[in-house]
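Enquirer: My structure is below; once you've seen it, I'll send some questions.
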Amino acid sequence: MTSHRSLSGRAIALACSLGLAAFASATQAAEADLAALRTQLAAQHDANVQRLKDWIALPSIAAENLAYPKGAEHMAMLLRDAGFQHVEIMPTDGKPGVFATLDAGAPKTVGVYFMYDVKQYDPAEWSSPPLEGRIVEKPGVGKVMMGRGAVNQKGPEAAFLAALHAFHAANKKLPVNLVLVAEGEEEIGSPHFTQIVRAPKVQEALSKSIGVFMPSAMQDLDGIITVSLGAKGIVELELVASGERWGRGPNKDVHSSLKAMVDSPAWRLVKALGTLVSDDGNTITIDNYPVAPPISDEHRAMIAAAIAPDSDEMSKKQLGVAHWIDDLPYQQAQERLISQPTVNIEGLVGGYTGPGGKTILPHRAVAKIDMRLVPGMKFDDAVAALKAHLAKHGYGDIEVNVSGGYNPTQTRSDSGLIQAQLALLRAHGNKPLLWPRNAGSYPGFAFSDPPLSLPVGHFGLGFGGGAHAPDEFFLIESANKNLDGFDGAALSYAEYFYELAK
């Protein structure tokens with residue numbers, strides 16, 4: 001075989017010109033394919049939007065055991081219809097997942113993460129029925145579909161599926177193969193997701209991929225697109241104080257006048273909670289708790305580049321707060337957001353909480369807690385430290401009921417998965433910004449941790465809002481130059497496939 005060093009200058013020049021010609025030819029072919037896909041997305045627009053509307057009408061809510069296994073069956077049907085040749089419902093000790101593969105005969109394979117479950121909702125808080133998928137006009141945005149799960153995550157996922165339908169209708173092969181895993185418990189902390197991902201056949205399929213991404217609506221009203229490099233981990237749990245476990249206080253609710261001679265489990269819970277954090281509630285004081293590494297200079301620079309001068313007051317207004325912790329300047333507050341673990345009380349439940357008073361001494365009190373973790377911290381270590389801390393401080397009787405959670409995730413900015421996003425966004429005329437990690441959580445750790453150790457991220461044009469809140473929406477027809485509607489969001493996934501295939 002002729003070595004590279006023995007090639008003549010003319011041969012090298014010829015080889016380079018042939019390579020450039022092949023690249024130009026591939027680029028032209030991709031552009032022709034995208035034109036055909038764009039035509040098909042326009043033709044299939046109504047059917048694609050109806051598919052999203054029908055999906056919103058079927059809410060799978062893990063916390064309420066609602067629509068299982070029907071939600072997984074519907075997810076599997078959507079994937080079969082979109083062209084996945086192998087689609088399999090994966091049982092777990094909780095809600096089932098779905099594993100699917102699409103072999104396009106391409107040299108590269110890409111992993112995709114879906115969730116088919118949604119958050120709970122109270123119809124009384126919505127301006128339109130949360131399962132109707134009503135199209136409404138949103139000033140400054142355009143026509144949006146309103147419904148539970150519209151942006152988190154059914155809208156972006158439906159746009160992804162629409163891209164696959166367009167490939168089929170245009171008689172075009174995908175430039176990459178796909179391996180997709182979907183779960184139905186993301187909104188309760190993905191307690192059984194690893195049972196899906198670590199199944200041998202799923203591991204084998206994912207090990208061939210260049211990385212895993214989650215469909216997302218990345219655009220914002222100001223036109224700025226931020227590419228996130230990770231997410232915090234989370235522990236979701238309940239702390240329960242009761243007279244039965246404590247051996248003091250009542251084992252049923254009693255009259256409050258008896259507080260003069262009977263211990264209170266509710267006060268015991270409050271006192272135990274006070275040992276977990278500093279007096280202001282902002283510093284974790286759990287003994288031997290995993291230590292968060294200091295923020296890196298690289299991440300500090302990303303934050304400085306990403307925050308606009310007027311972001312401080314705008315963010316405070318949007319969140320309804322007057323001060324950041326310790327009255328920190330905005331950049332330092334954002335640095336704290338991405339670099340610090342937290343212990344948060346989601347809710348306190350005990351005794352009577354209805355109108356007026358009811359003079360009882362409750363026998364049981366519950367604190368719903370979430371603990372966010374940053375890279376360098378582990379889920380198991382955080383749980384073990386909490387249990388040991390309570391026992392050490394004399395609160396070993398308080399139940400620690402962990403319901404879900406997982407490790408944090410982090411991906412390097414120079415990974416191919418991320419660089420393809422940046423290249424594509426720049427080709428669209430955007431100036432994407434890198435962000436160290438989401439303050440929220442998703443189970444990317446299942447892919448980024450060993451044994452897979454894959455890059456993970458989010459991608460997708462489009463816009464939405466109201467995740468976990470009333471009037472959640474996803475943009476269908478844009479009236480804003482900075483935002484893509486449903487068809488543009490769908491096309492962005494096709495473009496991403498071609499960019500990843502390069």
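The values are calculated or read from the model by the stated rules, or taken from the named source; none is laboratory data. Everything numeric here is computed off the predicted structure, so don't read it as measured data. Note: ideal-geometry Cβ built from the backbone for every residue, glycine included; neighbour counts use all protein chains shown.
Enquirer: Determine, yes or no, whether residue 353 is in contact with a His (Cβ under 8 Å, 6 or more places away or on another chain), surrounded by fewer than 21 Cβ atoms within 10 Å (Cβ to Cβ) and assigned by TED's automatic domain parsing to the domain that holds residue 242.
Expert: Numbers: in contact with a His (Cβ under 8 Å, 6 or more places away or on another chain): no; surrounded by fewer than 21 Cβ atoms within 10 Å (Cβ to Cβ): yes; assigned by TED's automatic domain parsing to the domain that holds residue 242: yes.
Here the answer is no, as residue 353 does not meet what is asked.
Enquirer: Restricting attention to segment 263-286, report how many residues are part of a loop (DSSP other than H, G, I, E, B) and crowded, with 17+ Cβ neighbours inside 10 Å. Reasoning before the result, please.
Expert: Keep residues of segment 263-286 that are part of a loop (DSSP other than H, G, I, E, B), which gives 263-264, 275-276, 278-283, 285-286.
Next cut, crowded, with 17+ Cβ neighbours inside 10 Å only: 264, 276, 286.
Number satisfying all stated conditions: 3.
Enquirer: Given the structure, is residue 264 out of contact with any Asp or Glu (no Cβ under 9 Å at 6 or more places or on another chain) and under 23 Å from residue 348 (Cβ atoms)?
Expert: On the way: out of contact with any Asp or Glu (no Cβ under 9 Å at 6 or more places or on another chain): yes; under 23 Å from residue 348 (Cβ atoms): yes.
When the stated conditions are applied, residue 264 passes them.
Enquirer: Check off (1) without any contact (Cβ under 8 Å) to a residue 24 or more places away in the chain; (2) part of a strand (DSSP E or B) for residue 46 and give me the number that stays unchecked.
Expert: (2)
Enquirer: Can you pull out every residue in segment 451-484 that is assigned to a loop (DSSP other than H, G, I, E, B) and of a type in the set (Gly, Ala, Ser)?
Expert: Residues of segment 451-484 assigned to a loop (DSSP other than H, G, I, E, B): 451-455, 460-463, 466-472, 479-484.
Answer for segment 451-484, where residues must be assigned to a loop (DSSP other than H, G, I, E, B) and of a type in the set (Gly, Ala, Ser): 453, 460, 462, 466, 467, 469, 479.
Enquirer: What residue, among those in segment 309-327 that are over 27 Å from residue 386 (Cβ atoms) and surrounded by 11 or more Cβ atoms within 10 Å (Cβ to Cβ), is modelled with the lowest pLDDT?
Expert: First pass over segment 309-327, keeping only residues over 27 Å from residue 386 (Cβ atoms): 309-323, 327.
This time we only want the ones that are surrounded by 11 or more Cβ atoms within 10 Å (Cβ to Cβ), so: 311-312, 314-316.
Working: 311: 85, 312: 93, 314: 88, 315: 91, 316: 93.
Filtering segment 309-327 for residues that are over 27 Å from residue 386 (Cβ atoms) and surrounded by 11 or more Cβ atoms within 10 Å (Cβ to Cβ), the one modelled with the lowest pLDDT comes out as 311.
Enquirer: Would it be correct to say that residue 101 is in contact with a His (Cβ under 7 Å, 6 or more places away or on another chain) and over 19 Å from residue 209 (Cα atoms)? Quick ask: steps written out before the conclusion?
Expert: Values: in contact with a His (Cβ under 7 Å, 6 or more places away or on another chain): yes; over 19 Å from residue 209 (Cα atoms): no.
Here the answer is no, as residue 101 does not meet what is asked.
Enquirer: Looking at 249, 243, 233, can you tell me which residue is under 25 Å from residue 188 (Cβ atoms) and surrounded by 21 or more Cβ atoms within 10 Å (Cβ to Cβ)?
Expert: After applying the criteria, what remains is 233.
Enquirer: Any residue at all in segment 273-288 that's within 26 Å of the chain's Cα centre (by Cα), modelled with pLDDT of 95 or more and β-branched (Val, Ile, Thr)? Steps first, please.
Expert: Here is the first cut: in segment 273-288, the ones within 26 Å of the chain's Cα centre (by Cα) are 282-284.
Filter again for modelled with pLDDT of 95 or more, leaving 282-284.
Applying the additional criterion that residues be β-branched (Val, Ile, Thr) yields 283-284.
Yes, segment 273-288 contains a residue that is within 26 Å of the chain's Cα centre (by Cα), modelled with pLDDT of 95 or more and β-branched (Val, Ile, Thr).
Enquirer: Next question. Kindly evaluate residue 417 against the criterion of being over 14 Å from the mean Cα position of the chain (by Cα) and assigned to a helix (DSSP H, G or I). Spell out the reasoning first.
Expert: Numbers: over 14 Å from the mean Cα position of the chain (by Cα): yes; assigned to a helix (DSSP H, G or I): yes.
Criteria met by residue 417.
Enquirer: While we're here: Taking the conditions exactly as written (on the phi > 0 side of the Ramachandran plot, in contact with a helix residue (DSSP H, G or I) (Cβ under 6 Å, 6 or more places away or on another chain), crowded, with 20+ Cβ neighbours inside 10 Å and not aromatic (Phe, Trp, Tyr)), does residue 133 satisfy them or not? Show your work before the answer.
Expert: Details: on the phi > 0 side of the Ramachandran plot: yes; in contact with a helix residue (DSSP H, G or I) (Cβ under 6 Å, 6 or more places away or on another chain): yes; crowded, with 20+ Cβ neighbours inside 10 Å: yes; not aromatic (Phe, Trp, Tyr): yes.
Criteria met by residue 133.
Enquirer: Continuing with this model, one more query. Would you confirm, using the coordinates I've provided, whether residue 441 is surrounded by fewer than 23 Cβ atoms within 10 Å (Cβ to Cβ) and either outside the structural domain of residue 200 (by TED's automatic domain parsing) or not aromatic (Phe, Trp, Tyr) (or both)? It would help to see each step written out before you state the result.
Expert: Details: surrounded by fewer than 23 Cβ atoms within 10 Å (Cβ to Cβ): no; either outside the structural domain of residue 200 (by TED's automatic domain parsing) or not aromatic (Phe, Trp, Tyr) (or both): yes.
Considered against the rule, which asks whether it is surrounded by fewer than 23 Cβ atoms within 10 Å (Cβ to Cβ) and either outside the structural domain of residue 200 (by TED's automatic domain parsing) or not aromatic (Phe, Trp, Tyr) (or both), residue 441 comes out as no.
Enquirer: Can you name every residue in segment 187-215 that is under 21 Å from the mean Cα position of the chain (by Cα) and over 23 Å from residue 404 (Cα atoms)?
Expert: Residues satisfying the conditions are 206, 209, 210, 211.
Enquirer: Please give the number of the condition residue 35 fails out of (1) in a helix (DSSP H, G or I); (2) surrounded by fewer than 17 Cβ atoms within 10 Å (Cβ to Cβ); (3) touching a residue at least 12 places away in the same chain (Cβ under 8 Å).
Expert: If we test residue 35 against (1) in a helix (DSSP H, G or I); (2) surrounded by fewer than 17 Cβ atoms within 10 Å (Cβ to Cβ); (3) touching a residue at least 12 places away in the same chain (Cβ under 8 Å), just (3) comes out false.
Enquirer: All but one of (1) surrounded by 12 or more Cβ atoms within 10 Å (Cβ to Cβ); (2) among the hydrophobic types (A, V, I, L, M, F, W, C); (3) at pLDDT 95 or above hold for residue 29; state the number of the condition that does not hold.
Expert: Condition (3) is where residue 29 drops out.
Enquirer: Right, something else. If you scan segment 72-125, which residues turn out to be outside any strand (DSSP E or B) and among the polar types (S, T, N, Q)?
Expert: Going residue by residue through segment 72-125, those that are outside any strand (DSSP E or B) are 72-85, 91-96, 103-108, 116, 118-125.
Within segment 72-125, 85, 92, 120 meet the criteria.
Enquirer: Could you check residue 444 against (1) at pLDDT 95 or above; (2) in contact with a helix residue (DSSP H, G or I) (Cβ under 6 Å, 6 or more places away or on another chain); (3) more than 25 Å from residue 45 (Cα to Cα) and say which number it fails?
Expert: It is condition (2) that residue 444 fails.
One line per residue, one yes/no per condition, for (1) under 15 Å from residue 273 (Cβ atoms); (2) touching a Gly at 6+ places or on another chain (Cβ under 8 Å); (3) not in a strand (DSSP E or B):
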residue	(1), (2), (3)
369	yes, no, no
381	no, no, yes
395	yes, no, yes
402	no, no, no
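Enquirer: For segment 184-192, state whether one or more residues are crowded, with 21+ Cβ neighbours inside 10 Å, polar (S, T, N, Q) and assigned to a loop (DSSP other than H, G, I, E, B).
Expert: Yes, segment 184-192 contains at least one residue that is crowded, with 21+ Cβ neighbours inside 10 Å, polar (S, T, N, Q) and assigned to a loop (DSSP other than H, G, I, E, B).
Enquirer: Does any residue in segment 352-364 that is in a loop (DSSP other than H, G, I, E, B) come within less than 7 Å, Cβ to Cβ, of a residue that is modelled with pLDDT of 95 or more and of a type in the set (Asp, Glu) six or more places away or on a different chain, and which pairs are these?
Expert: Between residues of segment 352-364 that are in a loop (DSSP other than H, G, I, E, B) and residues that are modelled with pLDDT of 95 or more and of a type in the set (Asp, Glu), the close pairs are 362/253; 363/253.
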